[in-house]
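Asks: Have a look at this one.
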4 protein chains.
Amino acid sequence: MIEAGQLVLVISPTGKRYTHALDPAKEIHTHDGRILMSDIAEAGFGGIVRSHLGHPYRILKPTVYELIKGVKRQTQIMYPKEIGYLLLKLGVTPGSRIIECGTGSGGLTLALATYVGDTGKVYTYERREEFYKNAAKNLARVGLSHRVEQHLCDIEETGFQQTGADALFLDVRVPQDCLHHIQPAVRPGAMCGFLLPTCNQVSDLLRGLEQGPFTELEALEILVRRYKTVPDRLRPEDRMVAHTGFLVFARCMEKPEPFVRPAKVQPLEEPSPEGQPGENVPALGPEVAPETDADPLPDVDDETEATE
Amino acid sequence: MIEAGQLVLVISPTGKRYTHALDPAKEIHTHDGRILMSDIAEAGFGGIVRSHLGHPYRILKPTVYELIKGVKRQTQIMYPKEIGYLLLKLGVTPGSRIIECGTGSGGLTLALATYVGDTGKVYTYERREEFYKNAAKNLARVGLSHRVEQHLCDIEETGFQQTGADALFLDVRVPQDCLHHIQPAVRPGAMCGFLLPTCNQVSDLLRGLEQGPFTELEALEILVRRYKTVPDRLRPEDRMVAHTGFLVFARCMEKPEPFVRPAKVQPLEEPSPEGQPGENVPALGPEVAPETDADPLPDVDDETEATE
Amino acid sequence: MIEAGQLVLVISPTGKRYTHALDPAKEIHTHDGRILMSDIAEAGFGGIVRSHLGHPYRILKPTVYELIKGVKRQTQIMYPKEIGYLLLKLGVTPGSRIIECGTGSGGLTLALATYVGDTGKVYTYERREEFYKNAAKNLARVGLSHRVEQHLCDIEETGFQQTGADALFLDVRVPQDCLHHIQPAVRPGAMCGFLLPTCNQVSDLLRGLEQGPFTELEALEILVRRYKTVPDRLRPEDRMVAHTGFLVFARCMEKPEPFVRPAKVQPLEEPSPEGQPGENVPALGPEVAPETDADPLPDVDDETEATE
Amino acid sequence: MIEAGQLVLVISPTGKRYTHALDPAKEIHTHDGRILMSDIAEAGFGGIVRSHLGHPYRILKPTVYELIKGVKRQTQIMYPKEIGYLLLKLGVTPGSRIIECGTGSGGLTLALATYVGDTGKVYTYERREEFYKNAAKNLARVGLSHRVEQHLCDIEETGFQQTGADALFLDVRVPQDCLHHIQPAVRPGAMCGFLLPTCNQVSDLLRGLEQGPFTELEALEILVRRYKTVPDRLRPEDRMVAHTGFLVFARCMEKPEPFVRPAKVQPLEEPSPEGQPGENVPALGPEVAPETDADPLPDVDDETEATE
């Protein structure tokens, strides 16, 4: 049995896909007839139901990927290829507290809410009321509203209401005008991500990030190329998405405070130059490039057991 | 204070990065001197400690991305660009039960264990003892062993011990020889993923998947291109990783059983052709291509509020 | 004045482009009216003519790029991104004698004919009569017929009629079935190129090439990504061509004959081990990889005068 | 027999490649011994010669591709993937007159000189004397000096000395400062190309081109990905060149002069609004985008004869 409120994926004989929240009292109307939701509840995930015209429909549990793609769109959405990378890069894990702006259609919000789990929280900011409302609907449809705190305001003016967040993501037009709001809102060392459509905006943002207190600046783009799945004629598809946006990452540091070793610990070889109160530990510099693919692990072919 | 057992990221003045599990009784030895772990615990995430030679080290909380990259490698690792996509595509969420084979170095295992949360579980299979042991160490280092059930065996012979898993991932040399073990191990409609290095292997796998009971076959590759983060001279880096592996996805269906509508529901327009017991509902066909980027959302420039 | 027979590019006010061979006695009919070709001849390249309705049309000289794109298509065409690379890789230069099969729509034939100049020749083979005729028309339209010798036959059966050609290009479905015809037709060391749409075909071809007498095997693909040319909003276009075909290259060697140094030349330091008549000089091996981008020249920024 | 002065490619047993101009009186010194150039002349292209130590060397005719890669470098070179595309895009054909700046190492100059043939000419400008001299040597080595007119000056100050050139290419740091020199130097409608390393420079150039008299602006990048040529394990190489430079193209128009139809031609349907002397025919606009891959030819699989 599928519980009421759960999201189901209904696939028609021709491969058309419908996502619905299960309400056993209702029906789904399709080109091939009407389907009783109570039938769906009984068939369960993986099962088959028939419309009243007898056409078979497959019932499946939607993956996060499908939920993201299925949000009702009013704005440019974020693609799974960026969202998946973000989860890892920002360290979005069960229990995390994540700040996001703007909410947009809520596709990323949905993914963040999924992965912070019931012990985490997503604080999402949006200044346009229609998108704020649309995102609320999308979150309700997937039953994740309780993990999300929505804010309707312009963060450029208001800043963020949270402190000590674990990570932050900005998908706004002029992010460098909001950078000064970040440090008070996140814990020291929090990873911050940004999505921008143009090279010009990336340059402007980098200029702002260099003012600090940000470090480990990175900029990159992700491309996915699909293949035709014909075993004897394997080849890439004719066309692909060439650009969705540039991702920029930076770690937000606080004003560095030197940590002074307690006097009782004596260095073994040399006297320790104690940090003086008020001393500024030199920053790591605006651009520390920890990320490099310069030396990928040598390819290990499957037929050889390689050790390193 | 940082708790004992937590993983910390220590960054040297020159940007070298060290990942350690915190043991307040121990020291870290670096090129720039010795660091007391008790100092680290006290400095906290974001803080600075000094080696006994006075050099400042930054203490940070490692993200999942950094943990994945930091596993002690004995085999070719999976890259974050694939792992992030997998999490969404396979639907790995808190509470999920995920099967994985082979464990390899445990990089993917670590990510899966992170995201299934305490209510989920990762069942990971590896046939080579040295990798099995190495992965165990990697998981212990990050404190995720309790979410993972490791198996040391060759699944081609033994199959999987689980049933009703939510998703499955195979990174093995000849996956098509294991396909028959999948359906008994996963719930109907579970998403399955595969990683293969060569086109030949992708073709062979697709041939096997077409035998069923798999549907929605997809094959793709993911590329990441980095940019030099100089605001006035923004450009891509000179070189990039050109290939890590091809990802293949397929949904595992059970032998379809028709769902017969109870007699009391009368169709409004036409008599319903009841499904006969034992009737085979025609399969959706080996290759249903739900994924297409043929019509991406039109670009919405930031300065226009676009609605659709 | 533009000479009769020359190809002209006519651009409408809305940017529509028409390619015509100039015949001063004729007219061009467009959506915006009729244009006298005599007017075009008088306006010259770069000039403007008006249709009888008064709409202005720009007259330009078409580049090779535009001629290639403008061929009347009956088959999949070759893209300029491959053709340009081929010219350099195969060494197609004024005076060259180049063999090509299949002619297809004649797009590549047109480019080859352009670049072998009046002292060179293109020998092109096609087995399907409709394409043979269509290509003849395309070549006549651009006034290059005299540089091309067309053949209507199946080279798998007939082989090539030429000997000592400078280079050869095959765009056929099963090239490995034709490989034995290559060596008699080209000069020793001639570069050969192949275009194939699928990975499977590339593997099959490589298997055949490894049988020899081919060396320096290479396989690659070329991608072009366009950008929106808005200065303040520079970014890649949303979509791009993801695949046209894989290019394979190999050098065709003859059975190596040792060259024996005349007895009168004495080595200065050591006695020379003379090559024995009939001795087989060991082949260079099937796969010599001269091509590597492993060490591209370090980037030289414009503001520094770098010397190496 | 190979003629004196011709360029030969000598390949060692280990695959090392040497390019030399043939001088029958001289020797080549290699790691495996000395080779008499007279032996090379006699062996001919495709033949084998032995060093005085008896090691076999293969003699081949270098392709343009190999000549480009073989120039003695003092600056960042242009890659064949760009050069091939340029030849087609700019319409560099036998008989063309092409302007180029800066000469740099002469790699592109070499390619242009090859393809303009004996009836064409390359006019190349360089302001740095060391590069000017080095390029002269490179051109002499390949016997193409007679097709090239070198200039040692700063075109930003001097402009170009030619008029009515067929096409122009600029590889300079601040091309927008030279744009006003282009129109006097080229024929109306001439295609112009530019190479720039950074996004910022592309934006700046586009801003300048929009001032006119340029039209049909395009910006793009070209990527080549190589494959390991192992038939049973076909896959892309691990790494690739991610960026060499952005290509920008624009057509240089003159101030448009209306062409007035002679009075004797009467329009059939409507009176023609004659162009008034001095009338400005509206420009086509700064950005006409003739180039679009939005609708590539449908893929034609080899086993089906497709007609359109």
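Asks: Where the centre of each part is set by its Cα atoms, how far does the stretch B:49-113 sit from the stretch D:14-45, in angstrom?
Replies: When both Cα centres are located, 55 Å separates them.
Asks: Let me ask something else about it. Rank by packing, highest mean first: peptides B:33-41, C:107-115, C:148-156, with packing defined as the count of other Cβ atoms within 10 Å averaged across residues.
Replies: For the peptides B:33-41, C:107-115, C:148-156, the packing ranking is C:107-115, B:33-41, C:148-156.
Asks: What is the spin-label model distance, in nm, from B:A140 to C:K72 if the labels are put 7 Å beyond Cα along the C-beta direction?
Replies: In this crude label model, B:A140 to C:K72 measures out at 7.7 nm.
Asks: So what is the accessible area of the stretch A:1-138 per residue, in Å², with the probe set to 1.4 Å?
Replies: 33 Å²
Asks: Dividing the Cα convex hull volume of the stretch B:17-109 by residue count, how many Å³ per residue is that?
Replies: Hull volume over Cα atoms, normalised by residue count, gives 140 Å³.
Asks: Another one. Taking the Cβ-Cβ separation of A:K26 and C:E3 as r and a Förster radius of 51 Å, what is the calculated FRET efficiency to the nearest 0.05?
Replies: 0.10
Asks: Another question about this same structure. Which percent of the accessible heavy-atom area of the stretch D:52-184 goes to carbon and sulfur, probe 1.4 angstrom?
Replies: Its accessible area is 45 percent carbon and sulfur atoms.
Asks: How do the peptides C:178-188, D:61-71, A:92-102, A:20-30 rank, highest first, by the average count of neighbouring beta carbon atoms within 10 Å per residue?
Replies: A:92-102, D:61-71, C:178-188, A:20-30
Asks: To continue, here is another question. For each pair in A:K16/A:K72; A:K16/A:K61; A:K137/B:K121; D:K81/D:K228; C:K89/D:K228; A:K61/A:K121, compute the distance between the two Cα atoms and list the pairs where it is over 22 Å.
Replies: Going by Cα-Cα distance, A:K137/B:K121; A:K61/A:K121 fall outside the 22 Å limit.
Asks: Hey, got the average number of other protein chain Cβ atoms within 10 angstrom for residues in B:101-114?
Replies: Mean shielding by partner chains, rounded to a whole number: 1.
Asks: Output needed for the stretch A:23-72: three equivalent-ellipsoid semi-axes, defined as square roots of 5 times the C-alpha gyration tensor eigenvalues, in descending order, whole Å.
Replies: Ellipsoid semi-axes (Å, largest first): 20, 13, 11.
Asks: How much accessible area is lost when chains C and D come together, counting both sides, with a 1.4 Å probe, in Å² rounded to the nearest 100?
Replies: Result for this pair: about 10600 Å² buried.
Asks: Across the stretch D:122-134, in residue order, what do the Karplus-derived ³J(HN,Hα) couplings come to in whole Hz, using 6.51 cos²θ - 1.76 cosθ + 1.60 with θ = phi - 60° and x for Gly and Pro?
Replies: These are the phi-based 3J(HN,Hα) values: 10, 10, 10, 10, 8, 9, 9, 4, 5, 6, 4, 5, 4 Hz.
Asks: Let me ask something else about it. If you count, for every residue in B:74-86, the Cβ atoms of partner chains within 10 Å of its Cβ, what is the mean?
Replies: The per-residue average across the peptide is 5.
Asks: Further, regarding this structure: In nanometres, what is the gap between the two model label sites at A:T14 and B:T14, each 7 Å from Cα along Cα-to-Cβ?
Replies: 6.5 nm
Asks: If you don't mind, another one. In peptide A:31-41, how many Cβ atoms from other protein chains are near each Cβ within 10 Å, on average?
Replies: Mean shielding by partner chains, rounded to a whole number: 2.
The values are calculated or read from the model by the stated rules, or taken from the named source; none is laboratory data. Being a predicted model, the structure only gives us computed values, none of them experimental. We place every Cβ from the backbone using ideal geometry, glycine too, and count neighbours over all the protein chains shown. Just the protein is used for accessible areas: all its heavy atoms, side chains included, with ligands, DNA and RNA removed. Shrake-Rupley method; radii C 1.70, N 1.55, O 1.52, S 1.80 Å.
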